[in-house]
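Take a look at the structure set out below.
The values are calculated or read from the model by the stated rules, or taken from the named source; none is laboratory data. Nothing here was measured: the structure is a model prediction, and the numbers come from that model. All Cβ positions, even for glycine, are placed from backbone atoms using ideal geometry, and neighbour counts span all protein chains on display.
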Amino acid sequence: MQQPIQIVFREITSSPSIEADIYKRAEKLERICHNTISCRVTLELDGRHKHQGNLYNARVDITLPGTEIVADSHPMDEDVYVAIRNAFEAATRQLEAYAQRRRREVKNHMVEPKGQEY
């Protein structure tokens, strides 16, 4: 990556184990697509749902040349590590699709012409 990974905690205290997990997962994303400019991970605690306990949301913003990929963990999870995993899995799927389009590996379907020849 051209810029260091940014980790933002909202309503959550930072933890070295959470940061280590995020850095490990971000390195795996870098292996999929090498021209990543930046990666920003936002973790937040949604305190509106008191009857369900603490719900965490993780969001991954990846900036690439000419585009940006945004993935988050929906639905929210009660475990912060599960929220991080779900967000990074969604980002991985989007990044793999982006890399396939860049390598032109996406299959083009030929549409048969309709009508009659004269």
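The table below gives the values:
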{"item": "Test: residue in segment 41-50 that is modelled with pLDDT of 90 or more and small (Gly, Ala, Ser)", "result": "no"}
{"item": "1 or more residues in contact (Cβ under 8 Å) with a residue 40 or more places away in the chain, more than 26 Å from Gln2 (Cβ to Cβ) and in contact with a Ser or Thr (Cβ under 7 Å, 6 or more places away or on another chain): qualifying strands (runs of 3 or more DSSP E) within segment 12-103", "result": "none"}
